[in-house]
Every structure is written in structure tokens, then in C-alpha cells.
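This report refers to the structure that appears directly beneath it.
No value in this document is a laboratory result; all are computed from the given coordinates. Quantities reported herein were computed from a predicted structural model and do not represent experimental measurements. Cβ placement follows ideal geometry from the backbone for every residue including glycine, while neighbour counts extend to all protein chains displayed.
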């Protein structure tokens with residue numbers, strides 16, 4: 001008996017045991033392959049938008065961003081070092097092109113400082129960074145836009161969910177590559193009505209969860225630099241009647257535009273001797289601003305190119321993400337700005353002219 | 001108070017210079033006030049004395065002095081006016097004066113026109129800046145792009161517009 005046991009020990013496990021182990025390993029390997037091949041389910045549009053809108057309160061990052069805008073026959077690409085720290089602190093260092101190289105913008109959430117090294121000039125103004133999270137706005141976006149999740153793509157080595165936003169009655173065709181883990185948009189594209197890309201913004205490099213020093217978001221004025229304060233906006237009022245009382249009876253202030261954008265607030269914007277009544281309207285997502293200045297105080301601005309409207313003399317300017325339509329009518333200069341297509345801005349101009 | 005006012009009007013009452021209504025009021029007061037009646041009697045007495053004084057012609061020397069002073073004042077006025085007239089007859093002075101008047105009238109008009117043209121030059125930059133600041137609430141807006149737009153508008157408002165770098 002002892003001799004048999006010794007012989008078995010020398011031969012190792014029996015055939016049956018070895019077969020069983022092989023079967024288990026085979027099944028496990030097959031399972032692993034199967035799970036690797038079956039795609040992870042895509043998040044819903046609402047979920048990925050909520051992740052994106054919550055990101056400003058949750059994620060710090062630092063990266064290199066490239067922005068390309070097409071304005072008619074002209075294109076410009078700008079490269080920026082962008083650093084963001086919760087809640088609402090931003091640092092932008094402009095690298096190229098040469099005309100903007102060296103510009104530094106530091107926003108501490110209350111004020112923004114802009115330093116132009118070529119002029120040794122500092123311009124201080126209000127903050128333009130929204131640092132709070134608004135995941136609930138996803139509902140509003142879904143109501144206003146046709147949102148669809150197109151799939152997953154890797155952008156600079158990170159998994160992103162590709163989301164397409166098509167305008168309902170007004171808006172722009174936009175495509176976003178949203179980092180699935182952090183909610184940060186790593187790439188944004190905007191197309192005109194003909195499908196041509198007019199605006200692209202993407203990170204060529206990004207790092208998250210860095211302990212960025214707070215000093216990076218504090219501005220130190222260079223010695224001897226000239227300082228200008230540009231807090232041009234007057235105090236905002238939230239009623240149409242109050243704005244009319246401040247800006248004069250000649251201005252047109254409907255409560256709604258295109259039965260979609262509701263009056264949000266207004267102010268009398270000033271810069272030196274120049275003043276303009278500014279009324280902001282919103283559909284819950286985008287913003288449209290209408291400016292009105294008497295022609296006795298402002299000649300017709302010769303910007304952009306001429307366009308045909310029912311209001312008469314008008315010009316259209318595309319500044320990339322925003323579009324501007326200016327026109328004159330009955331002693332008043334009008335301008336409407338928004339990120340919606342030209343046709344929508346013209347429809348707003350026609351509606352304002354009709355309500356006069 | 002009424003008494004004091006009546007006392008001040010007694011002289012005019014005596015000379016018949018008061019309005020009829022005031023004169024009646026003074027007469028009514030005099031009927032009741034012994035002090036005023038006494039004051040009126042005194043005034044009447046003084047007036048009577050003055051009327052009895054003889055009329056005297058002023059000496060010729062007084063008239064000469066007076067005429068000389070009046071003539072000197074007239075000459076001074078004429079000299080200033082003559083100097084101004086003479087000055088304006090010189091073309092250079094007249095031209096400068098006309099220029100000053102023209103400037104005073106035209107300056108507000110010219111300034112208004114310059115402000116109007118300047119507003120047209122920077123107006124759209126102010127619009128873009130204001131709209132960019134309003135668009136902070138847009139959940140899809142790119143912070144870096146807002147920084148670029150606001151920065152460019154700031155420069156234009158400061159009088160140093162950036163020319164975007166063109167690409168072929």
C-alpha cells in the first residue's frame with residue numbers, strides 16, 4: 001500500500017482532478033472574454049448631462065486647450081493653458097497665436113484680472129466663471145434640445161460619451177465629448193445649418209485631481225503696470241417696467257421673444273459717454289441679449305457683412321460661439337446677440353420691429 | 001404792529017400818496033389812536049414850516065463841477081466802446097473773435113459727433129463683452145473661450161484692439 005501511495009505522489013494529481021481543473025479554468029477564461037466583449041451600457045442623455053453640470057463643483061483640472069473658430073473665410077486657432085479649481089476659480093495663460101501670446105487671465109470667482117504684457121496693462125472686471133453645480137438643468141436642456149447619445153470614444157486616452165444636441169426651435173447644432181468619469185467636456189464642436197464646423201474646442205492634455213495651489217488663482221499686479229477697471233454694467237433690474245423707467249420710453253421691451261425666450265434681467269450698460277439699454281432673455285439654457293441705443297448717440301456700426309431683413313439696414317457678425325445682428329430702425333440702433341443661428345436672430349429682429 | 005405800520009405811512013398819508021383803501025385804513029386808525037394823531041399833527045407842522053422857506057438858486061460853481069464830472073464819465077464809456085470797435089475793424093482780431101464764437105457754438109456739436117462715431121467703433125465690443133458676461137449661466141459655454149472674447153473686448157474698449165491671427 002505504501003508503495004502505491006508513493007507512486008501516486010510521484011505521478012501528481014489523478015487524470016480526473018486535472019480534467020476538472022482544466023474545465024474550471026476554461027469556463028473562467030471564456031467568461032472573462034465574454035465580459036470583455038459585451039459593451040458597457042451607455043449612460044442616458046439625462047445622466048451624462050447631470051454628470052457634466054455637476055462637474056464644476058466636484059472636479060479640479062489643469063490642461064492645454066485648443067480653440068478654433070471659423071468666421072466666414074477666416075479661421076483662428078488659439079492655444080491656452082487652462083487651470084480650474086473649485087469653486088469657480090480659473091487661470092488662463094494664452095500661448096498662441098502671437099497676437100494673444102502672453103495674455104494672462106486670473107479669475108478668483110469674484111473678479112477677473114487680465115494682464116496684457118505687450119501693453120504692460122491690467123484690466124479688472126467682474127468674474128465670468130460659474131463654479132456651482134446645476135445638475136437639475138439637464139431637465140431644461142432635454143426639454144429645449146433634441147439630445148442623443150451617439151456612443152463612446154477615446155479622447156486623449158480617456159473614455160468619453162459623445163452627445164449630440166440639435167436645436168428645437170432655436171439653438172445650435174453641438175456635439176460634446178464628455179469625460180465619463182469626471183463630466184468635463186474634453187471636446188466640443190459646433191456646426192452651422194449647412195453642417196460645417198464653425199467652432200471646435202478640445203483638450204490636447206488634461207490632468208485631474210491635482211492639488212493646485214490657491215496662489216495660482218490669486219493675481220499679483222506686475223510692478224508699474226497700468227490698471228483699468230472695466231465694471232461697465234450698471235445695476236441689474238428684473239422688471240421690464242423698471243428697465244424702461246431707467247432707459248427711456250423709446251426702447252422696446254417685450255416680455256418674451258419668439259414666444260420662447262423670457263425676460264430675465266436688464267441694465268443700462270455704460271462705457272465712457274456711451275450707454276446702451278441691455279435686456280437679457282433666456283429659454284432656461286441659452287441667453288439672448290438685446291441692446292438699444294439712440295442713433296443720436298451712436299452711428300451705425302460697420303461690422304460683419306450686410307444681411308437682408310425686413311427691418312431694413314442690417315449687418316451680421318459671427319464671433320465664433322456668438323453671433324451678432326445689428327440694425328437701425330426709427331431712430332434707434334438695435335443689436336441682438338446669442339449663440340443661435342442667423343435665421344433665429346433675424347426672426348427676433350423682425351418681431352421687435354413689428355412690436356414697435 | 002398795525003400801529004407801527006401806520007406811523008411809517010403817515011407822511012405819505014399827509015401828501016395824499018396812499019392807495020384809497022390804505023388811506024381809509026390810516027384814517028380809521030387815526031380816529032382811535034391819540035399817539036398817531038399827535039404824530040400827524042407834528043408832521044403837518046414841519047411840512048408847513050418847510051413850505052414857508054424861500055427858494056434858493058444853486059451857485060454856478062456847483063453846476064460847473066457837476067457838468068465836468070458827468071462829461072468825464074461819458075468820455076470813459078465812449079473810449080471803451082471805441083477801442084472795441086477799432087479792434088474789431090482789424091481783420092486778424094475779428095477773425096480770432098469769430099473763431100472763438102464758432103468754437104463755442106460748434107464744440108458741443110463736434111464733441112457729440114465724435115462721441116457718436118466712437119460709440120459705433122466700440123459699441124459692438126461692449127455688446128459682446130456684456131453678452132459674454134450674461135452667458136456665464138449657459139451650461140455649455142466654454143470658460144476659456146469666454147475669457148478670450150471678454151479679453152479681446154476689454155482691449156478694444158481700452159483702445160488697443162487685437163487683430164486676430166489669421167490662418168491660411
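Side notes on the structure shown:
- Calculated [222 nm] ellipticity per residue, helices only, for the protein assembly as shown: -13500 deg cm²/dmol; basis is -39500 (n - 2.57) per DSSP H run with n ≥ 4, divided by all residues, nearest 500.
- Packing-based ranking of A:262-270, A:215-223 yields A:262-270, A:215-223, ordered from highest to lowest mean Cβ neighbour count within 10 Å.
- Over the stretch A:62-178 - Rg/Rh using Cα atoms and the Kirkwood inverse-distance radius: 1.02
- By the count of neighbouring beta-carbon atoms within 10 Å, fewest first, A:190, B:73 end up ordered B:73, A:190.
- Remark: spin-label model distance residue B:76-residue A:142 equals 9.6 nm, labels positioned 7 Å along the Cα→Cβ axis.
- Structure remark: mean-square fluctuation, Gaussian network model of chain A, C-alpha springs under 10 Å; the largest value among A:338, A:248, A:88 belongs to A:248.
- Principal axis analysis of the Cα atoms in the stretch A:53-105 yields extents of 39, 24, 14 Å, listed in decreasing size.
- Averaging the sequence gap over all C-alpha pairs within less than 8 Å and six or more residues apart, then dividing by the number of residues, gives the stretch B:107-168 a relative contact order of 32 percent.
- Taken as Cα centroids, the stretch A:110-189 and the stretch B:42-90 sit 93 Å apart, rounded to the nearest whole angstrom.
- Cα-Cα pairs of the stretch B:61-149 separated by more than 18 Å (percent): 74
- Expressed to the nearest 5 percent, the antiparallel share of DSSP beta bridges inside the protein assembly as shown is 95 percent.
- Computed over Cα pairs, the Kirkwood radius of chain B leads via Stokes-Einstein (1.567 mPa s, 4 °C) to a diffusion coefficient of 48 µm² per second.
- Ranked by how many other Cβ atoms sit within 10 Å of their own Cβ, fewest first, the residues A:66, B:93, A:324 fall in the order B:93, A:66, A:324.
- Per residue Cα convex hull volume in Å³ - calculated over the protein assembly as shown: 404
- With a 10 Å cut-off around each Cβ of A:294-303, the average count of Cβ atoms from other chains is 5.
- A Gaussian network model of chain B, with springs between Cα atoms under 10 Å, assigns the largest mean-square fluctuation among B:31, B:68, B:95 to B:31.
- Compared with the dominant Cα axis of chain A, that is its longest principal axis, helix A:45-54 is turned about 70°.
- Chain A: relative contact order in percent, alpha carbon pairs under 8 Å with at least 6 residues between: 13
- Relative contact order [Cα under 8 Å, 6+ residues apart], the stretch A:291-342, whole percent: 35
- FRET efficiency for residue B:161 and residue A:313, using Cβ-Cβ distance with R0 set to 30 Å, rounded to 0.05: 0.80
- A Gaussian network model of chain B, with springs between Cα atoms under 10 Å, assigns the largest mean-square fluctuation among B:25, B:92, B:132 to B:25.
- Shielding by partners - mean other protein chain Cβ count within 10 Å, residues of A:84-91: 1
- With R₀ set to 60 Å, the beta-carbon distance separating residue B:100 from residue B:52 gives a calculated FRET efficiency near 0.40.
- Along each principal axis, Cα extent of the stretch B:2-52, largest first, Å: 32, 23, 16
- Sites residue A:211 and residue A:300 - FRET efficiency at Förster radius 30 Å, r taken between beta-carbons, to 0.05: 0.05
- The stretch B:107-168 - Debye-derived log10 I(q)/I(0), Cα point model, q = 0.14, 0.29, 0.30 Å⁻¹: -0.52, -1.15, -1.18
- Among B:57, A:242, the order by Cβ neighbours within 10 angstrom, fewest to most, reads B:57, A:242.
- Taken as Cα centroids, the stretch B:121-143 and the stretch A:54-94 sit 16 Å apart, rounded to the nearest whole angstrom.
- Among the residues of A:195-203, the average count of other protein chain beta-carbon atoms within 10 Å of the residue beta-carbon is 1.
- Largest first, the extents of the alpha carbon coordinates of the stretch A:240-355 on the three principal axes equal 33, 32, 27 Å.
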